[in-house]
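Heads up: the structure comes next, in structure tokens.
The values are calculated or read from the model by the stated rules, or taken from the named source; none is laboratory data. In this text the structure is predicted, and so the values were computed from the model without any measurement. Note that each Cβ is placed from the backbone with ideal geometry, even for glycine, and that neighbours are counted across all protein chains shown.
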């Protein structure tokens, strides 16, 4: 297994002004799992990343080579997605920190009394990202796969328009997109906050998001 990731000069060409070279680069997956890499640029403008590649393969239980897709999030932070050589996106394993800060296997938890409710503990990535991942067990009951937008409400009569972006690997998983970041900012949500998302019966264009 290679100990480095090499990106051709186009990466440096496009992202030079969005990176700080004396700081680590953070690779964050759709479930907010983060891996930190050191990097440098060679004289021919190839970007070389050195870091926990073996740890990544073990974490995702990867056996073969994969394709790495990177999307810019913020300074030295990229959202990563991994695909098999056949072009199939992997199923990400979540091993995030709990709200108390201890490391454990933590999944988004649907409420027992409603298929249309979801409890999430917001990570540091969730509150700065432009999107919020919603898992399959919630989405399958709450949304039609044709839905592209919705309204977010804080339960106090205020509303924010928000887009819905469906995951490429499965039409049963999606993200709250454009509008999520503004909702976080204006409702002063922070990492570690527990929120309840609820889609009420016959109102699937509205998601009520409240801190609990």
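Okay, here's what the table says:
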| read-out | value |
| --- | --- |
| Condition check for residue 78: assigned to a strand (DSSP E or B), under 15 Å from the mean Cα position of the chain (by Cα) and touching a residue at least 12 places away in the same chain (Cβ under 8 Å) | yes |
| Filter result (surrounded by fewer than 18 Cβ atoms within 10 Å (Cβ to Cβ) and within 15 Å of residue 69 (Cα to Cα)) within segment 15-30 | 15 |
| Entirely in segment 132-191, the strands (runs of 3 or more DSSP E) that have 3 or more residues that are within 30 Å of residue 87 (Cβ to Cβ) and within 14 Å of the chain's Cα centre (by Cα) | 132-134, 159-166, 174-176 |
| Test: residue in segment 157-173 that is closer than 16 Å to residue 208 by Cα, at pLDDT below 85 and out of contact with any helix residue (DSSP H, G or I) (no Cβ under 8 Å at 6 or more places or on another chain) | yes |
| Some residue of segment 155-164 being surrounded by 20 or more Cβ atoms within 10 Å (Cβ to Cβ) and free of Cβ contacts under 8 Å to residues at least 24 places away in the same chain | yes |
| The one condition in (1) at negative phi; (2) touching a strand residue (DSSP E or B) at 6+ places or on another chain (Cβ under 8 Å); (3) modelled with pLDDT of 90 or more that residue 181 fails to fulfil | (2) |
| Inter-residue pairs, beta-carbon under 8 Å, first under 29 Å from residue 62 (Cβ atoms) and in segment 2-22, second exposed (fewer than 10 other Cβ atoms within 10 Å of the Cβ), 6+ apart | 9/44 |
| Members of segment 6-44 found to be at pLDDT below 85 and in contact with a helix residue (DSSP H, G or I) (Cβ under 8 Å, 6 or more places away or on another chain), listed by number | 33 |
| Selected residue (only one of 187, 135 is out of contact with any strand residue (DSSP E or B) (no Cβ under 7 Å at 6 or more places or on another chain), at pLDDT below 90 and outside the structural domain of residue 69 (by TED's automatic domain parsing)) | 135 |
| Candidates 68, 75, filtered to the one that is in contact with a helix residue (DSSP H, G or I) (Cβ under 9 Å, 6 or more places away or on another chain) and closer than 30 Å to residue 134 by Cβ | 75 |
| Filtered residues of segment 23-50 (kept if without any contact (Cβ under 8 Å) to a residue 24 or more places away in the chain, under 24 Å from residue 91 (Cβ atoms) and more than 18 Å from the chain's Cα centre (by Cα)) | none |
| Qualifying positions in segment 16-51 - closer than 17 Å to residue 81 by Cβ and not in a loop (DSSP other than H, G, I, E, B) | 25, 26, 27, 28, 34, 35, 37, 49 |
